[in-house]
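Before any comments, here is the structure.
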Amino acid sequence: MQQLSDEELITQSRGSGIAAASDPYLNELFSRHQRRVSLWCLRYAGNREDAADLAQEILARVWRNLDSYQGNSKFTTWLYMVCRNHCLNHVKAKSHEPDVMKEIVDIADTRGANTEEGLAREEHVRLARRWINDALDETERKVVRLHFGDGMAVDAITRLLGLKNPSGAKAHLVSARRKLQESARRWKARYESARKQ
Amino acid sequence: MSPQENSDPVRDLLRGEGDCLAPEQLELMLGEGGDAAVRQRFEDHIRGCAACSAELDLLRGFLASKPEPEEESDLAWVVNRLEEKGGAAERAPKRNTSWWQAWGSFSPFSKVVVTLASLLLVVAGALELRKLRVSSPGVADTGAAAVMRSAQLTLIGPSGDVTAIPQKLAWNAVDTAVRYEVLVEEVDGALIWKGESAAAEIALPGPVQSLIVPKKTLVWQVTAFDVRGEKVAESQKQRFRLVP
Ligand SMILES: [Zn+2]
């Protein structure tokens, strides 16, 4: 049993006709991955009590939805998607959009001066993306995306990305914000001068 | 149009050009091999996509599952706690359930009765098409952006290439939702079917399954409503395709 891959365990289980409750293949599968799921939850939640609750919910969810696993990816990749999605659903509403992101969204928008440039919104978004890419380094981009895009807590990002610098993701957010603000100022100035001409 | 597109402008700005990588494509990038041209194309996308590069790091960490020394004791506690709970369920008399199955019945989500509130097979009439256009992405809609920030609705499956006709669609429950509306569309946005469910999944009726034919890509999307009938979350659009 221990020599079987995850995918083989699932295939065996589906073909075994054994009632799921006493299915040794599924039991092996779940025992094999509970530590992995627990570690993810621990890093996401930041404390062991919440991590245990999250891990319990995730494993129950996996059990109920196992028949939707269709073998397109490895089982572990599918398990990751379930973990990640379940945890992100626990993120509560963000209290307010950070100013710097609001500013960037406004700049990328077609409203205001930009319509005079004759650029389609899509084109504008593409330019803004390139601009963000150029302004930030790789880690800053990842942290900004996970925090502002997915609403992931700063400490969770530090742990899940394994950031080792003293203040972790927070330091990257601070530098990203500074760079984006500088960049936004330059971007705006360029538009102002283009309009005057 | 990318299946990853959604109405949150911040998310939209923090991703790359073109389609983001599906789970199995991310998986490919973590391993060796694969077609060199395909790998190059994925690498090019990842380089310009904060979403995919972050996702790749998270997946790598999940697969490695290597606790730091300072994490060991908490991890042992969590695993122990899971096993204790399971052990108790297993010892319960007349209860032929394994620990993880017992969890299923204790989970808050199982309180949502797995019945389908209603099923509507829609002939894509003029009224529905009009509704659909109004809510289509790409139209600037600050209301929808606010919804995306208040709760996230993520889809579980089907996604990408599937080898068998899916029997159901499943997604992650949204805490405040009591009802979900599910749309299945063709890639050009033509509505194929609209269903409703109280649970975080819905069975695909036979007539809909019969429309799932090899090589034809379909798109599905879920919207969550709370007890007052207010929209609380909307998923991204997810594509899937039956491969022969
Ligand atoms: Zn991407």
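What follows draws every value from the coordinates through simple rules; no lab data is involved. Note that the structure is a prediction, hence the values are computed from the model and not measured. Glycine gets a Cβ as well: all are built from the backbone with ideal geometry, and neighbour counts include every protein chain shown.
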TODO: Return the long-range amide H neighbours of residue B:192 (sequence gap of 5 or more, or a different chain), with a cut-off of under 5 Å between placed amide H atoms.
DONE: B:184, B:185, B:186
Task: In Hz, Karplus ³J(HN,Hα) per residue of the stretch B:35-51 (6.51, -1.76, 1.60; θ = phi - 60°; x = Gly, Pro) - done: 5, 4, 5, 5, 4, 4, 5, 5, 4, 4, 5, 4, 4, x, 10, 5, 5
TODO: Compute the distance in nm between two label points, each set 7 Å from the Cα along the Cα-to-Cβ direction, one at residue A:193 and one at residue B:186.
DONE: 5.1 nm
TODO: Assuming R0 = 35 Å, can you tell me the calculated FRET efficiency for the pair residue B:44 and residue A:3, based on Cβ-Cβ distance, to the nearest 0.05?
DONE: 0.35
Open item on the list: Among the listed pairs A:170/B:231; B:194/B:215; A:164/B:237; B:168/B:231; B:85/B:231; B:215/B:237, which have their C-alpha atoms separated by more than 30 angstrom in this model?
Closed with: A:170/B:231; A:164/B:237; B:85/B:231
TODO: Per residue of the stretch B:10-24, in order, report the coupling 6.51 cos²θ - 1.76 cosθ + 1.60 (Karplus, θ = phi - 60°) as ³J(HN,Hα) in whole Hz, putting x for Gly and Pro.
DONE: 5, 4, 4, 6, 9, 9, x, 6, x, 6, 6, 6, 6, x, 5
TODO: Starting from the amide H of residue A:152, placed 1.01 Å from N in the peptide plane, find each other amide H under 5 Å away whose residue is 5 or more places distant or on another chain.
DONE: A:147
Task: Cα-based equivalent ellipsoid of the stretch A:6-95: semi-axis lengths in Å, sorted from largest, via gyration tensor - done: 26, 14, 11
